[in-house]
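The values are calculated or read from the model by the stated rules, or taken from the named source; none is laboratory data. Note that this is a predicted model, so its numbers are computed, not measured. Counting neighbours? That spans all protein chains shown, and the Cβs are built from the backbone with ideal geometry, glycine included. Heavy atoms of the whole protein, side chains included, go into the accessibility calculation; ligands, DNA and RNA do not. Shrake-Rupley method; radii C 1.70, N 1.55, O 1.52, S 1.80 Å.
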Amino acid sequence: MAMLRFAVFRLFTMLSTLMVVSVFVYAIINLPPGDFLSNQINELRATGQSAGIAKAEFLRQEFSMDQPIWKQYMIWMGLVPGPHGFAGMLQGEFGWSFEFDKPVSELVGGALWMTILVNLAAVVFIYAVALPLGVLAAARSKTWIDYTSAFVGYLGLATPNFLLALILFYYGNRYLNLPIGGLMDPKFEGEPMSFEKMKSVLIHLIIPTFVIGTSGAAGMMQRLRANLLDELGKPYVETARAKGMRESAMLTKYPLRVAFNPFVADIGTLIPSLVSGSVLVSVVLGLQTIGPVLLQALKSQDVFLSAFVLMFVALLTLIGTLVSDLLLALLDPRIRFGGRER
C-alpha cells in the first residue's frame, strides 16, 4: 500500500510538472521575434504576392496566432476553445506544421516511434556494458583490468559521437557489410511489421546504438566504479571480510546495492540527454528520428512543431525520472517512506 501511494504521488507530481513545463516551452519558443508565418508574410510583401499574403493571414487567424500569447497557449493546450472548439494538446491535437503544410501528428508519428526505439536500444546497451565493466573495474582495482576499462572509458568520453558515426559508417559497411543510413531498408518503409522488416530494423540499429550509447556507457561505468570503490573502503566491508564472508557474496549483497542507487537515478537524465545528443548522429546516419525534425523546426521558427517536440522530450525526461524513482524506492525503502517510519 505504501508503494502504491508513493507511485500515485510521483505520477501526480509528473503530470503537474509537465503542465508547468508546457508554459515555459511555449513562452521560450515565442521569445524570438516573429514566427514562420510572419517571416513568410514579410517575404511575400517584398515580392508583392498578395494571394500568398492572404493565405498566410488566414492561417494566422485559423490557428489563433493573432491572439495574445497567453491565449495562444491556452488554445494550444486545449484549455479554452479556439476557432475549432477545444482542439489542443489535451485533446490529442498537436497543431499544424506551417513549413511542411501538414498536421504535426502526421509529420512526427513515425519519427516518435523510431526515436523511442533507438534510445531504448541505447539505454539497454549502456546498462549492459556499464554495469559489468564498472563492477569488474572496482573489484579488480589497480590491475590491468581496471586500467584497460578506464582507458576504454576515457576514449569513449573523448570521441565525439558524430566522428565515431562517420568512422563506423565507413568501416562497418566496408568490412562487416552493415547497412548505411536509415533504420530499415527502403523497401520496408510504409509496410506492415513482419519478421523480415524487424530483422532489417535490428541490423540497422547496430551502429546507431553503439554510437549513441558509447559516451553514456563510458561515463556511467566510471561513476559506478567510483561509487563502488567508496563503498568497498567502508568499515562494514572490512568487518564482513574479517568474518570470512565470500568476496562475491559480500560484494553483491551490500556495497553493490548501495552503489547502485546513483546508477538507477541516472535513468531520469539519461533518456533526454540521448535524444538531444543524438541530433548530429541522426543527421550523419540519416536516421528518421525526432532530432533532425526539431533542428529544422527551430531554424524555421515552426512554433507548433517545435513546441510539440520539446514537450515530447520533456515527457521522456519525466517518464525516466518516474521510472528511476520507482526503482530506487524498490531498492531502498528509505526513499519511499522518506524517514517517516522512525
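May I ask you to say which residue of PHE169, PHE162 is at pLDDT below 80, open to solvent by 60 Å² or more (accessible area, probe 1.4 Å), among the aromatic types (Phe, Trp, Tyr) and in contact with a helix residue (DSSP H, G or I) (Cβ under 8 Å, 6 or more places away or on another chain)?
Result: PHE162 is the single residue among PHE169, PHE162 that is at pLDDT below 80, open to solvent by 60 Å² or more (accessible area, probe 1.4 Å), among the aromatic types (Phe, Trp, Tyr) and in contact with a helix residue (DSSP H, G or I) (Cβ under 8 Å, 6 or more places away or on another chain).
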| said: Being surrounded by fewer than 16 Cβ atoms within 10 Å (Cβ to Cβ), hydroxyl-bearing (Ser, Thr, Tyr) and assigned to a helix (DSSP H, G or I) is the filter here; which residues of the stretch 137-152 pass it? | reply: TYR147, THR148
| message | Cβ-Cβ under 8 Å, sequence separation 6+ or interchain: first residue in the stretch 237-249 and assigned to a helix (DSSP H, G or I) and open to solvent by 60 Å² or more (accessible area, probe 1.4 Å), partner among the basic types (Lys, Arg) and modelled with pLDDT of 75 or more. Which pairs? | response | GLU247/ARG241
| note | Counting only residues in the stretch 281-303 that are part of a loop (DSSP other than H, G, I, E, B) and either of a type in the set (S, T, N, Q) or buried (at least 19 other Cβ atoms within 10 Å of the Cβ) (or both), the one nearest to the chain's Cα centre (by Cα) is identified as THR289
| Residue match in the stretch 93-116 (condition: open to solvent by 50 Å² or more (accessible area, probe 1.4 Å), of a type in the set (Lys, Arg), at pLDDT 80 or above and touching a helix residue (DSSP H, G or I) at 6+ places or on another chain (Cβ under 9 Å)) | no
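Residue by residue, here is whether (1) farther than 30 Å from GLY182 by Cβ; (2) among the aliphatic types (A, V, I, L, M); (3) at pLDDT 75 or above holds:
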site: ALA226; (1), (2), (3): yes, yes, yes
site: VAL237; (1), (2), (3): yes, yes, yes
site: TYR254; (1), (2), (3): yes, no, no
site: THR269; (1), (2), (3): no, no, no
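Step by step: first the residues of the stretch 137-155, then only those that are within 21 Å of MET250 (Cβ to Cβ) and of a type in the set (S, T, N, Q), then the one that is modelled with the highest pLDDT. Which residue is that?
Filtering the stretch 137-155 for residues that are within 21 Å of MET250 (Cβ to Cβ) and of a type in the set (S, T, N, Q), the one modelled with the highest pLDDT comes out as THR143.
Per-residue answers, yes or no, for (1) surrounded by fewer than 16 Cβ atoms within 10 Å (Cβ to Cβ); (2) touching a residue at least 60 places away in the same chain (Cβ under 8 Å); (3) closer than 23 Å to PRO160 by Cβ:
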{"residue": "GLY216", "(1), (2), (3)": "no, yes, yes"}
{"residue": "LEU251", "(1), (2), (3)": "no, yes, no"}
{"residue": "ILE271", "(1), (2), (3)": "no, yes, yes"}
{"residue": "VAL279", "(1), (2), (3)": "no, no, yes"}
{"residue": "LEU305", "(1), (2), (3)": "no, yes, no"}
{"residue": "ALA314", "(1), (2), (3)": "no, yes, no"}
| query | Within the set of pairs 6+ apart or on separate chains, which have a first residue in the stretch 153-180 that is farther than 30 Å from ARG225 by Cα, a second that is surrounded by fewer than 18 Cβ atoms within 10 Å (Cβ to Cβ) and of a type in the set (S, T, N, Q), and C-beta atoms under 6 Å apart? | reply | ILE180/ASN173
| task | Return yes or no: is MET184 aliphatic (A, V, I, L, M), out of contact with any Asp or Glu (no Cβ under 6 Å at 6 or more places or on another chain) and more than 29 Å from ALA111 (Cβ to Cβ)? | result | no
| said: Among the residues in the stretch 181-199, are any surrounded by fewer than 19 Cβ atoms within 10 Å (Cβ to Cβ), in contact (Cβ under 8 Å) with a residue 60 or more places away in the chain and not small (Gly, Ala, Ser)? | reply: no
| task | Evaluate the stretch 44-51: report whether one residue or more is in a helix (DSSP H, G or I), within 32 Å of the chain's Cα centre (by Cα) and not aromatic (Phe, Trp, Tyr). | result | no
| query | Which of (1) open to solvent by less than 60 Å² (accessible area, probe 1.4 Å); (2) among the aliphatic types (A, V, I, L, M); (3) not in a helix (DSSP H, G or I) does LEU18 not meet, given it meets every other one? | reply | (3)
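Could you tell me whether LEU228 is hydrophobic (A, V, I, L, M, F, W, C), surrounded by 19 or more Cβ atoms within 10 Å (Cβ to Cβ) and more than 28 Å from PHE162 (Cα to Cα)?
yes
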| message | For the stretch 48-65: of the residues being open to solvent by 80 Å² or more (accessible area, probe 1.4 Å) and closer than 28 Å to VAL25 by Cα, which is modelled with the lowest pLDDT? | response | LYS55
| Is it the case that the stretch 189-200 has a residue that's at pLDDT 80 or above and within 22 Å of ALA265 (Cα to Cα)? | no
| task | May I ask you to say which residue of GLY172, GLY156, GLY182 is part of a loop (DSSP other than H, G, I, E, B) and not aliphatic (A, V, I, L, M)? | result | GLY182
| request: For GLY134, indicate whether it is touching a helix residue (DSSP H, G or I) at 6+ places or on another chain (Cβ under 7 Å), open to solvent by less than 30 Å² (accessible area, probe 1.4 Å), modelled with pLDDT under 80 and more than 30 Å from ILE41 (Cβ to Cβ). | output: no
